[in-house]
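Take a look at the structure below.
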Amino acid sequence: MATGALVAAPSASALPSACDSTWQNPQGSRAMTTIHLRTGPSTRYVSKGLLADGTKFTRYCETDSGWSYGKVRGGANSGKWGWTYADHLEWPI
């Protein structure tokens, strides 16, 4: 018997209210430079850590002002959820 954990994507109702656009299928992306993972969709929000160039980030939604909400998929902040500016992400990957 195979073992392991299934990881479900958050439902639309579980996404932050700041989200303006959501996708049926989350979008894989990668940091194109070192960027902050933030607690909210603006530089006014606290940084939760840095994503190094090349760090994978799965996008679940985006604001009209270009901030993406998602989950870090590698590096020191792997598993953390937060916001980063979409202009610094490359997708799809």
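Read-outs: derived from the displayed coordinates by stated rules, not from any lab. Computed from a predicted model, the values in this text were never measured in an experiment. Every residue, glycine as well, gets a Cβ built from its backbone with ideal geometry; the counts of neighbours run over all protein chains shown.
So, by mean Cβ neighbours within 10 angstrom, what's the order for 50-56, 23-29 with the highest one leading?
Put in order of decreasing packing, that is 50-56, 23-29.
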Report task. Please find the FRET efficiency linking Asp20 to Asp53, where r is the Cβ-Cβ separation and R0 is fixed at 22 Å, and quote it to the nearest 0.05. Result -> 0.20
Report task. With θ set to phi - 60°, apply the Karplus curve 6.51 cos²θ - 1.76 cosθ + 1.60 along region 66-71 and write out the HN-Hα couplings as whole Hz, x wherever there is a Gly or Pro. Result -> x, 9, 9, 10, x, 10
Report summary line: Residues other than Gln27 with Cβ under 13 Å of its Cβ, Lys/Arg counted +1 and Asp/Glu -1, net out at +3
Query - region 18-90: relative contact order as a whole-number percent, Cα under 8 Å and 6+ apart - result: 35 percent
